[in-house]
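In what follows, a single structure is set out as structure tokens and then discussed.
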Amino acid sequence: MGKHILILQGHPDPSARHLCHALADAYAAGAIAGGHALRLRDIAELDFPLLRSEQDWEHGSVPPSLAAVQHDLAWAEHLVVIYPLWLGDMPALLKGFLEQVARPGFAFRDGRAPALGGRSAHLVVTMGMPAFIYRWWYGAHSLLSFKRNILHFVGIRPVRATLIGGVGQLSPERAQRWLDKLEACGQQAR
């Protein structure tokens, strides 16, 4: 029996399809071919407010538009998050989404006890700069922060990462190789 996989497509532009969408579709196709159960959420299609206070984060209720996504997170055994690197980090919409769904009482309990353990994750990050520059010169700082300060904090591990650099200069052949790689990852639920 396959794994339960949740794909979060985090490109914030709902008006056009981007490489992130194609990567999510490729991973999904592989997961289905591999016999895995799949749910896909496009963050740009969700309507939710940003959190503006600690009080709201700790004691407010999750917006109705995100309650089903929390259910998907609870259901998932493997989480795939695909997003572009913007200003050295994840887009603000994805960060705002994570702040809403990873609230106390759901993502962690009793102060800091992780509540989403037993799950793995795969982060797929696209960027204009070469990926080796992001890793070497910038130390992949935002990726490491996402892994450590969000995913590990709520108990999700191991976390794999795929960095796709130079997206503005990808040839059709090179783009297809990335799509094939993500499809293979989907088949193996990794």
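For region 18-44, taking the residues that are over 17 Å from the mean Cα position of the chain (by Cα) and in a loop (DSSP other than H, G, I, E, B), the one that is surrounded by the most Cβ atoms within 10 Å (Cβ to Cβ) is identified as His36.
Just one of (1) under 12 Å from the mean Cα position of the chain (by Cα); (2) farther than 19 Å from Glu58 by Cα fails for Phe97. It is (2). So, His152, is that one surrounded by 13 or more Cβ atoms within 10 Å (Cβ to Cβ), within 21 Å of Gln100 (Cα to Cα) and touching a residue at least 40 places away in the same chain (Cβ under 8 Å) or not? Judged against the criteria, His152 is not a match. Checked against the criterion of being more than 25 Å from Ala22 (Cα to Cα), surrounded by 19 or more Cβ atoms within 10 Å (Cβ to Cβ) and under 17 Å from the mean Cα position of the chain (by Cα), the candidates Arg119, Arg157, Arg103 yield just one match: Arg103. Return yes when Asp110 is more than 13 Å from the chain's Cα centre (by Cα) and free of Cβ contacts under 8 Å to residues at least 12 places away in the same chain and no when it is not. The answer is yes for Asp110. Residues of region 119-154 that are β-branched (Val, Ile, Thr), assigned to a helix (DSSP H, G or I) and within 16 Å of Met90 (Cβ to Cβ): Ile150 alone.
Out of all the residues in region 83-93, is one or more touching an Asp or Glu at 6+ places or on another chain (Cβ under 8 Å), closer than 28 Å to Leu170 by Cα, assigned to a helix (DSSP H, G or I) and modelled with pLDDT of 95 or more? Checked against the condition, which is being touching an Asp or Glu at 6+ places or on another chain (Cβ under 8 Å), closer than 28 Å to Leu170 by Cα, assigned to a helix (DSSP H, G or I) and modelled with pLDDT of 95 or more, region 83-93 yields no hits at all.
Condition first: closer than 22 Å to Ala102 by Cβ and in a loop (DSSP other than H, G, I, E, B). Now tell me which residues in region 155-179 satisfy that. Passing the criteria: Gly155, Ile156, Arg157, Pro158. If the condition is being charged (D, E, K, R), over 24 Å from Ala22 (Cβ atoms) and assigned to a helix (DSSP H, G or I), then region 45-76 contributes Glu54, Asp56, Glu58. Evaluated against (1) of a type in the set (A, V, I, L, M); (2) touching a residue at least 60 places away in the same chain (Cβ under 8 Å); (3) within 23 Å of Leu116 (Cα to Cα), Ala22 falls short on exactly one condition, (3).
Checked against the criterion of being assigned to a helix (DSSP H, G or I) and touching a helix residue (DSSP H, G or I) at 6+ places or on another chain (Cβ under 8 Å), the candidates Leu79, Leu116, Leu182 yield just one match: Leu182. Looking across region 26-45 at every residue that is among the small types (Gly, Ala, Ser) and free of Cβ contacts under 8 Å to residues at least 60 places away in the same chain, the one that is farthest from Glu183 (Cα to Cα) is identified as Ala44. Can you find a residue that is within 20 Å of Leu144 (Cβ to Cβ), among the hydrophobic types (A, V, I, L, M, F, W, C) and either touching a Leu at 6+ places or on another chain (Cβ under 7 Å) or touching a residue at least 60 places away in the same chain (Cβ under 8 Å) (or both) anywhere in region 64-79? The answer is yes, given that some residue of region 64-79 is within 20 Å of Leu144 (Cβ to Cβ), among the hydrophobic types (A, V, I, L, M, F, W, C) and either touching a Leu at 6+ places or on another chain (Cβ under 7 Å) or touching a residue at least 60 places away in the same chain (Cβ under 8 Å) (or both).
The values are calculated or read from the model by the stated rules, or taken from the named source; none is laboratory data. Since we're looking at a predicted model, the values are computed, not measured. Cβ atoms come from the backbone with ideal geometry, glycine included; neighbour counts cover every protein chain shown.
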